[in-house]
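This report refers to the structure that appears directly beneath it.
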Amino acid sequence: MIRGFFEAFGRDPEGIWAAPGRLNIIGEFTDYNDGFVLPMAIDAVTTAAVARRRDDVIRVSSSGAPATTTPLASSRICNLTPGNTASWSSYAFGVVWAMTEAGHAIGGVDVFIESKVPIGAGLSSSAALECALGLALRDLFASTISLQDLALLCQRAENAYVGVPCGIMDQTASLCCTAGHAIEFDTRSGEIEQVDFDLSAAGLELLVIDTQVRHQLATSAYGDRRSACELAAKAIGVKALRDATLADLDKIPDDVVRRRARHVITENERVLSVAALLRSRRFIEVGPILSAAHQSLKDDFEVSCAELDLAVDIATHAGAFGARMIGGGFGGCVIALIRSEDQRTIERSVTAAFASNGFTPPRIFGALAAPGARRVR
Ligand code: ADP
Ligand code: MG
């Protein structure tokens with residue numbers, strides 16, 4: 001990390017900050033409907049090594065930058081403008097821009113990024129990058145910002161600067177989660193409650209099955225589903241689907257829009273049910289709710305794909321208590337709630353099934369609730 005920074009900038013960093021990827025246990029596509037989500041931090045982090053400069057130039061380099069792009073991007077802070085490029089460096093520039101625009105006096109910095117969070121897998125490598133840098137800038141320049149306000153600024157970077165219409169969950173999870181806990185997060189009120197999710201003490205874990213499939217479709221589908229949800233809320237006459245109940249579905253004339261809304265309404269209920277189960281440490285009973293969520297994502301929200309369905313199916317048959325796809329869909333990861341001792345068996349079954357279907361071999365790893373963003377040096 002320090003070597004990478006040195007090779008890029010010819011000096012040592014002032015400090016190193018880390019922010020984790022996140023895994024959303026339940027609550028998929030509820031965040032832009034003012035609903036509830038239940039994410040936890042994973043142990044894979046993105047680190048930002050940062051040193052201040054005497055001018056107003058930001059230079060950023062990443063060991064994970066796509067090979068086709070420039071390894072070092074730079075700009076004067078006063079020249080940063082939203083929507084300039086869709087390059088990876090926009091995620092870093094966006095954070096500086098959003099903090100500056102909010103009135104924080106951010107000076108020039110050299111930034112080196114390194115990441116263990118898989119990109120585009122639904123584990124939020126984008127928020128991990130934003131939050132690692134955001135936390136560094138907060139500590140170096142603007143130490144009064146709360147973590148939740150910093151999450152909003154990082155979201156604004158992604159929404160307004162990069163041009164990706166993401167909700168507020170990813171950044172909040174990366175910044176506010178704590179080890180051994182998930183956060184029950186009400187995206188309308190901003191209220192956060194740390195909920196016990198110490199699976200290892202119960203001999204359990206979440207198994208993450210990364211299908212390695214990355215479909216471009218996810219981006220266009222995201223906007224399309226978001227519009228359908230807005231249409232549904234309008235037809236029902238509520239501010240957001242958070243306020244609707246199953247009885248309201250009759251007010252939606254279009255069948256597709258009705259199914260999209262049904263996913264959101266039932267998913268919100270599932271978040272509340274899972275949070276209640278966690279509070280009484282009834283972890284295993286969470287399994288079937290995960291599987292119900294997958295069914296809803298597959299049939300009502302229609303964002304699954306063959307690889308995700310196969311992973312859910314095989315994991316469940318091989319002993320998982322339940323499983324579901326996570327993230328934007330059309331690829332990315334499945335999570336399965338399992339007994340730690342069953343990990344090898346389930347891994348082998350899923351890998352074999354992928355091979356016999358001619359799918360790319362999946363990458364499989366266990367995940368436990370890890371700490372949120374922090375300064376590491
Ligand atoms: P994810 O689900 O991983 O958040 P996104 O499409 O939202 O997927 O964000 C991925 C994008 O974030 C990448 O295409 C890249 O532009 C940027 N990114 C993430 N991690 C890195 C990294 N380590 N180095 C450079 N860019 C990164
Ligand atoms: Mg992202």
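Normalised by the number of residues in the chain, the average gap of Cα pairs under 8 Å and 6 or more apart makes the relative contact order 23 percent. The simple spin-label model puts a point 7 Å past each Cα toward its Cβ; for Ala105 and Leu231 those points are separated by 5.1 nm. For the chain, modelled as a GNM whose springs connect Cα atoms under 10 angstrom apart, the maximal fluctuation among Asn79, Asn33, Asn159 occurs at Asn79.
Identify which of His104, His181, His294 has the largest mean-square fluctuation in a Gaussian network model of the chain, with springs joining Cα atoms closer than 10 Å. In the Gaussian network model the winner is His104. Each helix, a run of at least 4 DSSP H residues, gives -39500 (n - 2.57); summed and divided by the residues of the chain, these come to -12000 deg cm²/dmol at 222 nm.
Put a dot 7 Å past the Cα of Asp224, heading toward its Cβ, do the same for Ala355, and the two dots end up 3.5 nm apart. When the solvent-accessible area of the chain is split by element, carbon and sulfur atoms take up 52 percent of it, the probe being 1.4 Å. Computed extension length for Ala276-Asp12: 90.3 nm, one decimal, from 0.36 nm per residue of separation with the Cα-Cα distance subtracted. In the chain, inverting the average of 1/r over every pair of distinct C-alpha atoms gives 21.1 Å as the Kirkwood radius.
Compared with the alpha-carbon gap, the fully stretched path from Ala202 to Thr266 is longer by 20.3 nm at 0.36 nm per residue. Modelled spin labels at Ser189 and Asp254, positioned 7 Å past Cα toward Cβ, are 3.3 nm from each other. The residues of the range 260-352 expose, per residue, 36 Å² of accessible area to a 1.4 Å probe. In this structure, Ser74 and Lys116 have a Cβ-Cβ separation that, at R0 = 25 Å, corresponds to a calculated FRET efficiency of about 0.50.
The values are calculated or read from the model by the stated rules, or taken from the named source; none is laboratory data. These numbers were taken from a predicted model, which means no experiment stands behind them. Neighbour counts are summed over all protein chains in view; Cβ atoms, including those assigned to glycine, are modelled from backbone coordinates with ideal geometry. These accessible areas exclude ligands, DNA and RNA; they are computed on the full protein's heavy atoms, side chains included. Shrake-Rupley method; radii C 1.70, N 1.55, O 1.52, S 1.80 Å.
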